[in-house]
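Structure, as structure tokens:
The values are calculated or read from the model by the stated rules, or taken from the named source; none is laboratory data. Owing to the predicted nature of the structure, the values given are computational and were not obtained by experimental measurement. Using ideal geometry, Cβ is built from the backbone for each residue, glycine included, and neighbour counts are taken over all protein chains shown.
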Amino acid sequence: MVTEKDVQHIAGLADVGIDDKELGTFTHQFNAILEYFDILDRVEGNGQATRDLYNILREDEIEPSLPQEDVLRNAPAQEDGFIKAPRVM
Amino acid sequence: MADAEDQVIVGLEVHCQLDTKSKLFCGCSTDYRSDGPNTHVCPICLGLPGAMPSLNKRAIEYAMKVAKALNCEVLNESEFSRKNYFYPDLDKAYQITQYDKPLAEGGYLEIESDEGGERKIRLTRIHVEEDPGRLVHMGNVERGKYSLVDYNRAGIPLIEIVSEPDMRSPREARKFLNKLRATLEYLSVFDSEKEGSLRVDANISIKGHERVEVKNITSYKGVEKALLFEVTRQKNLIRRGQRIERETRHYLEARGVTQSARSKEQEHDYRYFPEPDLRPLRVRSWLDGIVLPELPDARRERFMAEYGCSLNHARTLTGELKLANFFEKVVASDKPGLSPLASTWIADTLIGELNYRDMSLDNVDPAAITGLVLLLKAGTITDKSGVEVLRVILDQLLKGEMAETPDAIVKRLNLAKTAGDTGAITAAIEEAINENPKALEDYRAGKGGALNFLVGQVMKKTRGKADPAELNRMLAEALKKRGA
Amino acid sequence: MADEISFSPDDKYNAFLATCKRAPHGNGKLAGVAVAVKDNITTKGIETTCASKILKGYVPPYDAHVIGLLKAEGAAVVGKTNMDEFGMGTTTENSAFGPTLNPCDTRRVPGGSSGGSAAAVAAGMVRMALGSDTGGSIRCPASFCGIVGLKPSYGRVSRYGLIAYSNSLEQIGPLGKTVTDVSALMGVIAGHDRHDSTSLDKPYNHTPNADIKGLKIGIPQEYFGKGVDPNVADVVKKGIGRLEELGATTVPCSIPSMEYALAAYYVTCTCEASSNLARFDGVRYGPAPDTKKSWHDAYQEVRSAAFGTEVRRRIMLGTFALSSGYYGKYYAKAQVARENIKADFNRIFADVDVIAGPTMPTIAFRLKEKSDPLSMYLADILTVPANLAGIPAISVPCGKSEGMPVGLQIMGRMFEDERVVDVAYAYEQAVN
Ligand SMILES: [Zn+2]
């Protein structure tokens, strides 16, 4: 069982935001879905994914970077070649 | 030795940029420091939708070299994982790193312990990961206005070396770091001179109390300073009977203090899971093909055996790759003849004079030091003049001028010892005795200070060029002649 | 030699999010062929949104690997097609830019998430289209719209430039009116790409062959059991009957691990999606965050406003499933389940050459028919096993139920895409 508080915590971790109106619906839906996921408790096996590929590596060679204007073109805000972002302090 | 009641316990997590040509997961050049922001980025390291990582082979080879040099066990299978968290410098909102299957585990590094002698600092693991971008904070420290991001650094390959909590003082932490730096440089996988190429998080506690993580230490000297601050802070809290909180603190380099991170940063839930766009590594067998170069410990032993260096000189000279190479160049033409003087002059005098001027060894031509040592060895100049010659050279270099050769400086400043030119010294001695009859009397009366006084007078007259031993001998003779 | 085709379709089904009025093309196997591209495949210079407001206005500075291959063979990329936002849906109703309608019946959905690509082909606006298939997103709309769609073996087509929803499950694949077209498009897009570390050097050079004499077809009971519309099951059984008439034999079989396939699928895709979609914070592209705010607050504002409800639901589900203490219960268990599903398929494929059944349990839903997320998820039950195992699967039209198309799904051994194409081709040739 997840509670509304759990869902709020998860929304915070995922930075998706949640408002009080949605909280009840999401919580209800999550419980139904998570209950369905519980069927995985019955799965048995060793858990190691089999991989057919190992050591996929490239040589240390320089390839062209993007022109700065292409880097900045899609950024909504920029300043002196930097991309503007929210404050962290 | 049992730990004392208030024993300091330190463990380090050291992040070093690997000196590859291209980034860890894309072909962007790692040589970004002199270029403008966001000029070394591509869809991959900018985290553009749809881009996928391709792993740089050399980064893994470099990390394997480090693992072998630090006596680690390379795991049979290792894997990259995503560490999920939001931060504006993190282009994909996850860092590709290694989590439960790191490249290597275990291992150790030997340092000189505070009690003297060597001590093994055990390592927990070594893993490979990508560097995030770089943030510039606009506004002030108390309240930022916004951030500016430069993704040039995003995707630079890092190795994280995690130690066990085996260090017992901030000083040992510094020694560990210096030794680690030297080792990485000897392996040619790391350039310590690149700004920000090394960053350290430290875990520090006082025995029996909670530990504190100090993040964001970006310089070698900063580690000792930050930890000394923490030791004092924690011991003061204990003395006042307060509890030490288990927490993350940031080191503020400019102020030399640590500051508690905000509570939101304390809650970590990184939701690691295997990076589905990369395949696992099985590279243990590569170890056989890795030939390690001579490492600092071996070189230190060799310097003692081959050049007769003292332990301390050997430690200093081999503590930095460049310095060790420099020394060997200086003495190359005559190892047994030059080494005793060269080791002292480089490890003690040159280092001191460079530090005083905040200069790098790069500027100095080993041939100049060889020339200087030859002059000293031949007795052409005194030690005092030797220091003067060295200072002239360094000052000229500092001004960006071509340095004169030691020979030219000696000639220009007329620093050659007057040894051999006994006439001039004899004359100066006679003059000094004649001018100071009181000293002659005192000498006759057996007052020891009189001889030193006369030596000083002669030195003044010969402008320091007289060899002190020779002068002493000649002066004693002259005094004897006068019946003293 | 560069040429152009003009492309101004009457898009009454809302199949396209962007069209190129004049689309350049060159010479090659697809010279001058108009190809529509799902909007989660990156196209240099053409807005690429994943049908999400969070990518509105985003113009990629690079092409997906498959786009380069298309251009190299002379195809004209004429437009970007509608989809469920980031591929999260089974109806194409979860598009921020309105649903696509089913050309067979505009009151119904075209299926999803590659609904725009399927509708564009079904309506004859383009001859072929690219889609992507994470849990059925090519086969479902192919089935609902009455066209052919192939989900290639995992690793055969580069994902470089496919905007990731669930990396370990999805593949880009072709949609077309005929098996021949689908096969031709597959021939162009398959092959190794060094920019995709999961890509394999398995090019596809194949001309469909209708001879299936002696072919052994496994018929899993789970594909005709509970939850499958009996009318749909009947249509598909008749279709399989046609294959028997062509010389194939059928063998009943069972996939016991199907019982937890859907849970394994949804755990895997939501976990991976929660990480893949974290980068959409508005800093490097997308709607501007309020930079005066602290980063978490600013990101929440952008992401709650610009992601649709289903996307936020899946991000939260995945975040929960990966959060501290739950990894073992969910993601790790889901990977074990995948291994079991692979093992089941391997066991069956030791005896049979292909497995056949319905693509979807029902015909196309009516618009807004499915409002509860879990009941919507259940509709993917027949398509997700192929994604979990990585095996190739094709959907080919095999008749109608209630006047709507029904799709026959053929799944094959890993890397035997050619064989599933041949079986679909044999069926198509027999009925036409
Ligand atoms: Zn790059």
Please go through the stretch C:263-283 and pick out each residue that is within 8 Å of chain A (Cβ to nearest Cβ), out of contact with any Pro (no Cβ under 9 Å at 6 or more places or on another chain) and either more than 25 Å from C:Pro60 (Cβ to Cβ) or in a loop (DSSP other than H, G, I, E, B) (or both).
C:Ala263, C:Ala264, C:Tyr266, C:Val267
Please go through the stretch B:302-347 and pick out each residue that is free of Cβ contacts under 8 Å to residues at least 24 places away in the same chain and under 22 Å from B:Thr382 (Cβ atoms).
B:Asp334
Could you tell me which of the residues B:Arg171, B:Arg134, B:Arg153 is away from the ligand (no atom under 16 Å from the Cβ) and assigned by TED's automatic domain parsing to the domain that holds B:Tyr99?
B:Arg171
Going through the stretch A:50-89 in order, the residues found to be at the interface with chain B (Cβ under 7 Å from one of its Cβ atoms), assigned to a loop (DSSP other than H, G, I, E, B) and closer than 26 Å to B:Arg279 by Cβ are A:Arg51, A:Leu53, A:Tyr54, A:Asn55, A:Ile56, A:Glu59, A:Asp60, A:Glu61, A:Ile62, A:Glu63, A:Ser65
For the stretch C:168-190, state whether one or more residues are outside any helix (DSSP H, G or I), touching a Phe, Trp or Tyr at 6+ places or on another chain (Cβ under 7 Å) and buried (at least 21 other Cβ atoms within 10 Å of the Cβ).
yes
Search result, residues across the stretch A:1-49 that are at the interface with another protein chain (Cβ under 8 Å from one of its Cβ atoms) and hydroxyl-bearing (Ser, Thr, Tyr)
A:Tyr36
Looking only at residues in the stretch B:1-53 that are among the hydrophobic types (A, V, I, L, M, F, W, C) and surrounded by fewer than 22 Cβ atoms within 10 Å (Cβ to Cβ), which one is nearest to the ligand (Cβ to nearest atom)?
B:Ile9
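Considering every residue within the stretch C:82-99, establish whether at least one is over 17 Å from C:Pro174 (Cβ atoms), part of a helix (DSSP H, G or I) and in contact with a Cys (Cβ under 7 Å, 6 or more places away or on another chain). Don't jump to the end; show me each part of the working.
First, pick out the residues of the stretch C:82-99 that are over 17 Å from C:Pro174 (Cβ atoms): C:82, C:84-86, C:88-99.
The next check asks that each one be part of a helix (DSSP H, G or I); those that pass are C:85-86.
From what's left, in contact with a Cys (Cβ under 7 Å, 6 or more places away or on another chain): C:85-86.
Checked the stretch C:82-99: at least one residue is over 17 Å from C:Pro174 (Cβ atoms), part of a helix (DSSP H, G or I) and in contact with a Cys (Cβ under 7 Å, 6 or more places away or on another chain).
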Is it the case, given these coordinates, that C:Ser52 is among the hydroxyl-bearing types (Ser, Thr, Tyr) and buried (at least 20 other Cβ atoms within 10 Å of the Cβ)?
yes
Leading residue by the ranking (nearest to the ligand (Cβ to nearest atom)) among those in the stretch A:46-66 that are at pLDDT below 80 and surrounded by 12 or more Cβ atoms within 10 Å (Cβ to Cβ)
A:Arg51
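Can you find, within the stretch C:342-389, the residue that is surrounded by the most Cβ atoms within 10 Å (Cβ to Cβ) among those that are β-branched (Val, Ile, Thr) and in a helix (DSSP H, G or I)? Working first, answer last.
So the first thing to find is which residues in the stretch C:342-389 are β-branched (Val, Ile, Thr), and the list is C:348, C:352, C:354-355, C:359, C:362-363, C:381, C:383-384.
Filter once more, keeping what is in a helix (DSSP H, G or I): C:348, C:384.
Working: C:Ile348: 19, C:Val384: 24.
If we take residues in the stretch C:342-389 being β-branched (Val, Ile, Thr) and in a helix (DSSP H, G or I), then C:Val384 is surrounded by the most Cβ atoms within 10 Å (Cβ to Cβ).
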Kindly indicate the residue of the stretch C:1-29 that is in contact with a Lys or Arg (Cβ under 9 Å, 6 or more places away or on another chain) and crowded, with 24+ Cβ neighbours inside 10 Å and also farthest from C:Asn82 (Cα to Cα) among those meeting that condition.
C:His25
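Here is a yes/no grid of residues against (1) under 19 Å from B:Thr370 (Cβ atoms); (2) of a type in the set (D, E, K, R); (3) in contact with a strand residue (DSSP E or B) (Cβ under 8 Å, 6 or more places away or on another chain); (4) modelled with pLDDT of 95 or more:
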{"site": "B:Pro296", "(1), (2), (3), (4)": "no, no, no, yes"}
{"site": "B:Arg299", "(1), (2), (3), (4)": "no, yes, no, yes"}
{"site": "B:Met304", "(1), (2), (3), (4)": "no, no, no, yes"}
{"site": "B:Asn312", "(1), (2), (3), (4)": "no, no, no, no"}
{"site": "B:Leu323", "(1), (2), (3), (4)": "yes, no, no, yes"}
{"site": "B:Phe326", "(1), (2), (3), (4)": "yes, no, no, yes"}
Could you grab me the full set of residues in the stretch C:200-228 that are touching a His at 6+ places or on another chain (Cβ under 9 Å) and surrounded by fewer than 16 Cβ atoms within 10 Å (Cβ to Cβ)?
C:Asp201, C:Pro203
Suppose we filter the stretch B:54-67 for residues that are away from the ligand (no atom under 13 Å from the Cβ) and of a type in the set (Ser, Thr, Tyr); how many remain?
1
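Scan the stretch B:56-70 and give yes if some residue there is assigned to a loop (DSSP other than H, G, I, E, B) and surrounded by 24 or more Cβ atoms within 10 Å (Cβ to Cβ), otherwise no.
From the stretch B:56-70, those assigned to a loop (DSSP other than H, G, I, E, B) are B:70; that's our starting set.
Next cut, surrounded by 24 or more Cβ atoms within 10 Å (Cβ to Cβ) only: none.
No, that holds for no residue.
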